[in-house]
Amino acid sequence: MNQPNGSYLNKRLLRLQVGFLLSAGPGTCRAFPLNIPQRLQVHEDLFVEALAGEFVLTRAKDGILLQSKLKISHLRECDRCLESFEYRFALDIAELFALPSLAGKSVFCVDGNGEIDLAPLLREEVLIEASYRAVCRDDCRGLSAETGDKLSAESDWAAARRAKAEAGAIDPRMAVLKQLLV
Ligand SMILES: [Zn+2]
């Protein structure tokens, strides 16, 4: 997983106070934007580089329904060249956070202080996303089977030049031809 590099925001930012919705009647809903354009720690082993979107919280009978469309960016390894790159993806979330009295019956729940913690949910979603293949760019060519170096148009030219130079040095007929051409 990616390591912290410089400063980052605390995952406490991902705790939302929903007490006001608990005391409101079912169906009450509240929408708000969330925009964190900086590195944020989601878990000891997980950081996201940016997070933006909107949350809609609705008081349901058994808890708080969280619905969200998010754009997340995080560092991951390219499946072809193994280099780290910033990967962006969109995430649709619809999750019920059960009432504190129903804790234990649901994976996610509102805690005793009337707060919900988005960090475990986000971590789960990001890890699922990270388990799919992704490449740093569509035309990433990966690594050379011979040298282990990253392949690119430039490396192709270099390899072609090397092959030409070697051929020139090895093949005496080429040398003769070269002399004739001078
Ligand atoms: Zn790559």
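The values are calculated or read from the model by the stated rules, or taken from the named source; none is laboratory data. Note that this is a predicted model, so its numbers are computed, not measured. So basically every Cβ, Gly included, is an ideal-geometry build from the backbone, and we count neighbours across all protein chains shown.
Just give me the residues in segment 123-155 being loosely packed, with under 12 Cβ neighbours inside 10 Å and either within 13 Å of the ligand (Cβ to nearest atom) or within 12 Å of the chain's Cα centre (by Cα) (or both), in sequence order. Give the derivation first.
The initial filter retains those residues of segment 123-155 that are loosely packed, with under 12 Cβ neighbours inside 10 Å, namely 128, 131-133, 137-139, 145-148, 153-154.
ILE128, SER131, TYR132, ARG133, ARG137, ASP138, ASP139 - these are the residues of segment 123-155 that are loosely packed, with under 12 Cβ neighbours inside 10 Å and either within 13 Å of the ligand (Cβ to nearest atom) or within 12 Å of the chain's Cα centre (by Cα) (or both).
So which residues in segment 65-75 are surrounded by 19 or more Cβ atoms within 10 Å (Cβ to Cβ) and either in contact (Cβ under 8 Å) with a residue 60 or more places away in the chain or within 16 Å of the ligand (Cβ to nearest atom) (or both)? Correct list: HIS74 only.
For segment 76-93, the tally of residues that are within 15 Å of SER131 (Cβ to Cβ), assigned to a loop (DSSP other than H, G, I, E, B) and either away from the ligand (no atom under 16 Å from the Cβ) or out of contact with any strand residue (DSSP E or B) (no Cβ under 6 Å at 6 or more places or on another chain) (or both) stands at 1. Do the conditions hold for LEU99, that is, is it at pLDDT below 95 and of a type in the set (A, V, I, L, M)? So LEU99 passes the test. Every condition in (1) on the phi > 0 side of the Ramachandran plot; (2) surrounded by 17 or more Cβ atoms within 10 Å (Cβ to Cβ) holds for GLY27 except the one numbered (2).
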